[in-house]
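The values are calculated or read from the model by the stated rules, or taken from the named source; none is laboratory data. Given the structure is predicted, the values throughout are model-derived calculations rather than measurements. Please note: Cβ atoms are built from the backbone with ideal geometry, for glycine as well, and neighbour counts cover all protein chains shown.
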Amino acid sequence: MVVADHERSRAESAVSALGTDEGRFSAVRLDASDTAGVRDALAEHRCDVLLNATDPRFVLPLFDAALAHGAHYLDMAMSLSRPHPTRPYQECGVKLGDAQFARSAEWEAADRLALVGMGVEPGLSDVFARYAADVLFDEIEEIGVRDGADLVVDGYGFAPSFSIWTTIEECLNPPVVYEADRGWFTTAPFSEPEVFDFPEGIGPVECVNVEHEEVLLIPRWLKAGRVTFKYGLGDEFIGVLQTLHKLGLDRTVPVTVNGGTGAGTATGKVEVAPRDVVAACLPDPASLGDRMHGRTCAGTWVKGTKDGRPREVYLYHVVDNQWSMREYGSQAVVWQTAINPVAALELIASGAWRGRGVLGPEALPPRPFLDLLTEYGSPWGMREDTPVSGQDTDRAGR
């Protein structure tokens, strides 16, 4: 396994943290935007698979490099969307993942798998949806991914628990909703607020529509009347994002600023993207574990019928930050995201998951993944919101 990063020291730190002298792990410096360079590195190290853990800006260069080399590919976020030019809050423009799915035939011809959206959300949430469709329901009225937490970061008034670049991207873009009789369409950011009761002590959290990959993935393989993604952000968090948008600090196009004497060019001016400045001013989410406490919950709520009776369930995965820091030295959101591509890699290596072309997690059998997650010591749970007489509620080891 080769760990690559734009800063070699970060890759070396990841390898040294493993505490192993087996020689199976090495570190290299690599620019994720350099398709040719990544392809050369894959060839040099004879890599069978590329796992992309970068932000969505680098999806396509890495996706292209893996295909050019002939490696399988996994990511946790799909290629970026672009809003509709005239009706952004009614119609989709370029959807998340469109650029990847457009090239599925090339991956099929190469007999290689590009498994997209294989984190926790998207990823485990999609596996939950497939499990519900296969086992728990005969007909599905709605699939709604619901994400909430009671995490608190001491000492910071505003400290996102994962990439602020990605947070801004998905929260301020028009959210996408799917309805069977209408297809994909968009709404205004933070629309359709609802209070969702999260399990294991987290409790009620107000959730709002956010652009997310599950809405673009689930309807490709599963039949449902409606698919949504809602995230528990909170009024303060939403207010900060709205302020960034009003000030133009969410923009990714560089602006010219006075960098001071001798900075950047002879005139002392530099070009910088406002969103990159925001990201640079906030703490690295991976470094917040010691100041963070609480739990995070990712899950999929499903409503429909089974054996002619109405049914609602919430399939979920909860991680407590104190536990993840004690056991792995990683904060809860980071760890919860990372465990899922690890499980997916194991299933691909063993042959339990097979496929070719560009596929989402719901295109593959769910039970091997859910069993492996439990085997890894982080079991999932299921809450039966509408109990059905005689129905197995499958607590998956909880």
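Per the listing V208, V195, V176, the residue uniquely among the β-branched types (V, I, T) and in contact (Cβ under 8 Å) with a residue 40 or more places away in the chain is V176.
Scoring D126 on the criteria (1) under 30 Å from V318 (Cβ atoms); (2) touching a Lys or Arg at 6+ places or on another chain (Cβ under 7 Å); (3) among the charged types (D, E, K, R) leaves a single failure, condition (2). Within the stretch 181-226, the set of residues being basic (K, R) and surrounded by 17 or more Cβ atoms within 10 Å (Cβ to Cβ) comprises R226 only.
Restricting F137, F158, F128, F101 to residues that are surrounded by 17 or more Cβ atoms within 10 Å (Cβ to Cβ) and touching a Phe, Trp or Tyr at 6+ places or on another chain (Cβ under 9 Å) narrows the list to F128. If the condition is being surrounded by 19 or more Cβ atoms within 10 Å (Cβ to Cβ) and either assigned to a loop (DSSP other than H, G, I, E, B) or among the basic types (K, R) (or both), then the stretch 164-180 contributes N173, P174, P175. In this structure, T300 does not qualify as loosely packed, with under 14 Cβ neighbours inside 10 Å, touching a residue at least 12 places away in the same chain (Cβ under 8 Å) and not in a helix (DSSP H, G or I). Tallying residues that are in a strand (DSSP E or B) and of a type in the set (A, V, I, L, M) within the stretch 51-70 yields 1. Could you check how many residues of the stretch 241-297 are exposed (fewer than 12 other Cβ atoms within 10 Å of the Cβ), at pLDDT 80 or above, among the small types (G, A, S) and out of contact with any helix residue (DSSP H, G or I) (no Cβ under 7 Å at 6 or more places or on another chain)? The qualifying residues number 1.
Checking every residue in the stretch 90-101 against the condition of being touching a residue at least 60 places away in the same chain (Cβ under 8 Å) and among the basic types (K, R) gives at least one match.
Checking each residue in the stretch 126-168 for being of a type in the set (F, W, Y) and either more than 24 Å from R383 (Cβ to Cβ) or touching a Pro at 6+ places or on another chain (Cβ under 9 Å) (or both) picks out F128, Y131, Y156, F158, F162, W165. Only one entry of S33, S26 meets the criterion of being over 30 Å from F185 (Cβ atoms), touching a Phe, Trp or Tyr at 6+ places or on another chain (Cβ under 7 Å), of a type outside the set (K, R) and in contact (Cβ under 8 Å) with a residue 12 or more places away in the chain, and that entry is S33. The residues on offer are V208, V255, V195, and the sole one that is among the β-branched types (V, I, T), within 30 Å of A99 (Cα to Cα) and over 21 Å from the mean Cα position of the chain (by Cα) is V255.
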